[in-house]
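The values are calculated or read from the model by the stated rules, or taken from the named source; none is laboratory data. Here the structure is a predicted model, which means the values were calculated and not measured. Cβ placement follows ideal geometry from the backbone for every residue including glycine, while neighbour counts extend to all protein chains displayed.
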Amino acid sequence: MTTSKKSRAVVLVSGGMDSCVCAALAARDHEAAAVHISYGQRTEERERQSFIAICQRLKVHDKLMVRNEALRAIGGSALTDEAIDVPAADEVKQQVPVTYVPFRNAHFLAVAVSWAEVLGAEKVYIGAVEPDSSGYPDCRPAYYKAFNEVVRTGTKEGRIEIVTPLIAMRKAEIVRLGLELGAPFDLTWSCYSREDQACGTCDSCALRLRAFAAAGIQDPIPYAAA
């Protein structure tokens, strides 16, 4: 009896909880290859560590780690510019906060799509989320609809599709889905500002903590004492 070979997929894995769940989905349904992009962000070493550990746990063997020098050089974000403070969640007033990295996901998707062409993968997974998010413009469904048009017209065979399986989900729903999939939340890192213990106060930490509380689950990563 022959078994059908799984199709290939590339998944972008930052090391955070959303990308971890996305990686678990990709690994379940495809022969997954994972890509991680460091861009000079404050917590890049910790995020890279999470990426490697997540891939090991999910048995994703094909890995690509890339460094993007442009985003830090461009600046304009609290994540890449040390002169801009990372605000606490309760200080975030503007619709698009200073933690937004200008057009970051386009840089990430370009790498993932290029690698997908080389690997013969027809799907690129990204853990973008619109509800319960920081309001970044490159996490909206319309953005991915438009980007898929670019991919269709700008790749050799035009068959690669960017998929966003979490984009309409609330964060608590993502936590529950991750638990069903066996996503290794204990290996993830979401904090914008610290690498030893999560600060618990930045927007990313606050969104994460609320999600685990709403799901009735204890967040397994360490947080700094208040």
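Run down ILE167, ILE162 and say which single residue is within 13 Å of the chain's Cα centre (by Cα) and not hydroxyl-bearing (Ser, Thr, Tyr). Before you say what the answer is, go through the steps one by one.
Details: ILE162 fails: within 13 Å of the chain's Cα centre (by Cα).
Testing whether each residue is within 13 Å of the chain's Cα centre (by Cα) and not hydroxyl-bearing (Ser, Thr, Tyr) leaves just ILE167.
Under the condition of being over 16 Å from the mean Cα position of the chain (by Cα) and not aliphatic (A, V, I, L, M), which residue from the stretch 138-155 is surrounded by the most Cβ atoms within 10 Å (Cβ to Cβ)? Lay out the reasoning, then the answer.
Restricting attention to the stretch 138-155, the residues satisfying the condition of being over 16 Å from the mean Cα position of the chain (by Cα) are 142, 145-155.
Still in the running and not aliphatic (A, V, I, L, M): 145, 147-149, 152-155.
Working: LYS145: 11, PHE147: 20, ASN148: 18, GLU149: 10, ARG152: 13, THR153: 8, GLY154: 11, THR155: 14.
Here the residue is PHE147.
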Check your understanding: Can you pull out the residues in the stretch 1-53 that are within 17 Å of GLU195 (Cα to Cα) and assigned to a helix (DSSP H, G or I)?
Key -> MET17, GLU44, GLU45, ARG46, GLU47, ARG48, GLN49, SER50, PHE51, ILE52, ALA53
Exercise for review: Go through (1) closer than 22 Å to GLY200 by Cβ; (2) surrounded by fewer than 20 Cβ atoms within 10 Å (Cβ to Cβ); (3) touching a Phe, Trp or Tyr at 6+ places or on another chain (Cβ under 9 Å) and name the single condition SER50 misses.
Suggested key: (2)
Study note, to complete from the structure: Expected output for the stretch 93-120 (first residue more than 18 Å from GLY15 (Cα to Cα), partner of a type in the set (Lys, Arg) and modelled with pLDDT of 95 or more, Cβ below 8 Å, 6+ apart or cross-chain) is ALA116/ARG8; ALA116/LYS123; GLU117/LYS156; LEU119/ARG8; GLY120/ARG8
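Select the helices (runs of 4 or more DSSP H) contained entirely in the stretch 131-226, then report the ones holding at least 3 residues which are free of Cβ contacts under 8 Å to residues at least 24 places away in the same chain and on the phi > 0 side of the Ramachandran plot.
Values: elements: 141-154, 171-181, 203-214.
Those helices (runs of 4 or more DSSP H) do not exist here; none qualify.
Scan the stretch 180-189 and tell me whether some residue there is among the polar types (S, T, N, Q) and more than 14 Å from the chain's Cα centre (by Cα).
No, the stretch 180-189 contains no residue that is among the polar types (S, T, N, Q) and more than 14 Å from the chain's Cα centre (by Cα).
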Practice item. List the number of the failed condition for ASP85; all other conditions in (1) at pLDDT below 95; (2) out of contact with any strand residue (DSSP E or B) (no Cβ under 6 Å at 6 or more places or on another chain) hold. Key: (1)
Practice item. Look at VAL13 and say whether it is β-branched (Val, Ile, Thr), closer than 23 Å to SER133 by Cβ, touching a Leu at 6+ places or on another chain (Cβ under 8 Å) and surrounded by 15 or more Cβ atoms within 10 Å (Cβ to Cβ). Key: no
Revision key, fill the gap. Of (1) assigned to a helix (DSSP H, G or I); (2) surrounded by 13 or more Cβ atoms within 10 Å (Cβ to Cβ), ALA73 fails just (2)
Practice item. Report yes if ARG210 is touching an Asp or Glu at 6+ places or on another chain (Cβ under 6 Å) and either among the aromatic types (Phe, Trp, Tyr) or surrounded by fewer than 18 Cβ atoms within 10 Å (Cβ to Cβ) (or both), otherwise no. Key: no
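Take the residues in the stretch 16-33 that are of a type outside the set (A, V, I, L, M) and crowded, with 24+ Cβ neighbours inside 10 Å; name whichever of them is farthest from GLU130 (Cα to Cα). Step through it out loud before you land on a result.
Quick first cut of the stretch 16-33, residues of a type outside the set (A, V, I, L, M) only: 16, 18-20, 22, 28-31.
Then drop every residue that is not crowded, with 24+ Cβ neighbours inside 10 Å, which leaves 18-20, 22.
Numbers: ASP18: 11, SER19: 14, CYS20: 17, CYS22: 14 Å.
Among them, the one singled out is CYS20.
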Revision key, fill the gap. Checked against (1) touching a Lys or Arg at 6+ places or on another chain (Cβ under 8 Å); (2) farther than 23 Å from ALA33 by Cα, SER204 satisfies every condition except (1)
Review point. Given the structure, is HIS36 farther than 20 Å from THR188 by Cα and either crowded, with 16+ Cβ neighbours inside 10 Å or touching a residue at least 60 places away in the same chain (Cβ under 8 Å) (or both)?
Key: no
